[in-house]
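Derivation of every value follows stated rules applied to the coordinates shown; laboratory data play no part. Note that the structure is a prediction, hence the values are computed from the model and not measured. Quick reminder, even Gly has a Cβ in these numbers, built from the backbone with ideal geometry, and neighbours come from all protein chains shown.
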Amino acid sequence: ILEIGANDVMNAIPDILDNKLSIGSFAKSLSDKVVSQLQMLKSAGFKNIYVANIPPLDKIPLMIMQKQTKEARTIVSAYNQLLLAKTDIWAKASNISNFAMLDMNMFLQTALSKT
């Protein structure tokens with residue numbers, strides 16, 4: 001299971017808020033890194049690869065305390081959508097025997113929702 005990005009998002013928020021980094025360029029750069037790592041895993045002989053997207057960081061205390069929940073939601077959504085598209089293309093092109101995206105975001109959104 002490959003999970004990458006949560007700390008990257010939290011570290012990028014100040015630069016995004018200061019307009020030093022766009023959400024699109026951040027999402028592209030990070031998702032490119034994930035696809036590169038997927039290729040390295042495949043090249044190393046891995047046949048079963050699972051990738052977890054970024055969970056709902058807007059629910060963690062740090063984002064709530066810093067009043068950055070909206071920004072966290074926006075960044076995570078942009079990244080997760082791009083990651084899904086890129087990994088889908090990679091999986092089809094690589095002919096990997098067992099590949100899946102684990103939607104940790106939706107899982108935790110559901111688990112944390114008030115019912």
task: Could you grab the relative contact order for the chain? Cα pairs under 8 Å, six or more apart, rounded to a whole percent.
output: 36
statement: The Cα extents of the chain along the principal axes, largest first and rounded to whole Å, are 43, 39, 19
Burial ranking of peptide ranges 61-67, 105-111, 33-39 (average Cβ count within 10 Å, highest at the top): 33-39, 105-111, 61-67
- request: Return the calculated 222 nm mean residue ellipticity for the chain, to the nearest 500 deg cm²/dmol, obtained by summing -39500 (n - 2.57) across DSSP H runs with n ≥ 4 and dividing by the residue count.
  value: -20500 deg cm²/dmol
Non-local Lys pairs in the chain, i.e. 8 or more apart or on different chains, that have alpha carbons under 12 Å apart: 4
query: So which helices of the chain fit the span-like rule, where a helix is a whole DSSP H run, its Cα atoms reach 27 Å or more along the axis, and its mean Kyte-Doolittle is at least -0.5?
result: 23-43, 69-94
message: Would you work out the Kirkwood radius for segment 65-115? I mean one over the mean of 1/r across all pairs of different Cα atoms, in Å.
response: 13.0
- prompt: How long, wide and thick is segment 47-94, going by the Cα atoms along their three principal axes, in whole angstroms, largest first?
  reply: 42, 18, 8
